[in-house]
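All remarks here apply to the structure that follows.
Rule-based calculations on the coordinates, nothing more; no lab input. Treat the numbers as computed from the prediction; the structure is a model and nothing was measured. All Cβ positions, glycine included, derive from the backbone under ideal geometry; neighbour counts span all protein chains shown.
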Amino acid sequence: MIWSVVFGSSMLPAQGVELLREMATDPRWEFHLVTARFSFLQDDLAKWLNKNGLTDVFKTINLNKKDDQPHLFKEEIMKRLNVHYFVDDNLDIVEYLAKKKNAKIYWIYNFIDRSYPYEFKYPYLEKALRGIATNEDTF
C-alpha cells in the first residue's frame, strides 16, 4: 500500500493516522510514503514526520528529489514498489494513475470536488483505509 501526504499545507496529521499506525503493526500491510513535493521540502518532511510520530509507520519514504512532474514521479514509484493500493488527495493525479490499472487508486476528496464521481473516493484518510481493508480480498 502506498500513501501520499500533503506536508506543506497540513499542520496536523490527517484524521485516520491512528488507524494507519495500527494497520502498520499488522504484517499483512506495508506502507510507503510517496510525496511529489519538491526536494527543497525534504527537511520539513523529516521534521513533520518526527513531530507526529510517523517515522516508523512507513517502510520507505519516497521524496521527489529530482523535482519530476508529480504524476510521473508517483507513477514511477508505484511501478517500482508494485503497490496494490494508492491513496492521494489530488484529483488530477488520481485520474491519471487510475488509467494505468496498476493498482486501485483511492481519492481523498476536498470540499470543492466532493460531488465529482469516482468509485473509490473518501472524505478523509480513516475512511479510505477502512475501504481498503474491507476490499483487500477483491484485488
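Of the residues Pro123, Pro27, Pro70, the one that moves most in a GNM of the chain with alpha-carbon contacts below 10 Å is Pro27.
Ordering Lys121, Lys101 from the fewest to the most neighbouring beta carbons within 10 Å gives Lys101, Lys121. Judged by the mean number of other Cβ atoms found within 10 Å, the most tightly packed of the peptides 31-40, 44-53 leads the ranking 31-40, 44-53. Taking the number of Cβ atoms within 10 Å of each Cβ as an exposure proxy, the fewest-first ranking of Trp29, Trp107 is Trp29, Trp107. Electrostatic bookkeeping for Ser39 treats Lys and Arg as +1 and Asp and Glu as -1; over the other residues with beta carbon under 9 Å from its beta carbon, the sum is +2. Dipole check for the chain: with +1 at the C-beta of Lys and Arg, -1 at the C-beta of Asp and Glu, and the Cα centre as origin, the magnitude is about 180 Debye. Listed by chain and number, the aspartates and glutamates whose alpha-carbon sits under 12 Å from that of Lys100, ignoring those within fewer than 8 places in the same chain, are Glu75, Glu76. Distances between placed amide hydrogens fall under 5 Å for Lys121 paired with Trp107, all partners being 5 or more residues away or on another chain.
With an a/c value under 1.5 for the gyration tensor axes a ≥ b ≥ c computed over the alpha-carbon atoms, the chain is described as rounded. Stretching Leu41 away from Asp26 to a fully extended chain increases their span by 2.4 nm, per 0.36 nm per residue minus the current alpha-carbon distance.
Running a GNM on the chain with Cα contacts under 10 Å, which residue among Leu19, Leu129, Leu63 ends up with the highest mean-square fluctuation? Maximum among the listed residues: Leu19. Candidates Gln69, Trp48, Asn82 compared by Cα position along the dipole of the range 47-93: farthest toward the positive end lies Trp48, with charges placed on Cβ. Among the listed pairs Lys59/Lys99; Lys59/Lys79; Lys101/Lys121; Lys47/Lys79, a Cα-Cα separation exceeding 22 Å is found for Lys59/Lys99; Lys47/Lys79.
Look at the alpha carbon pairs under 8 Å that are at least 6 residues apart: their mean separation over the length of the chain gives a relative contact order of 26 percent.
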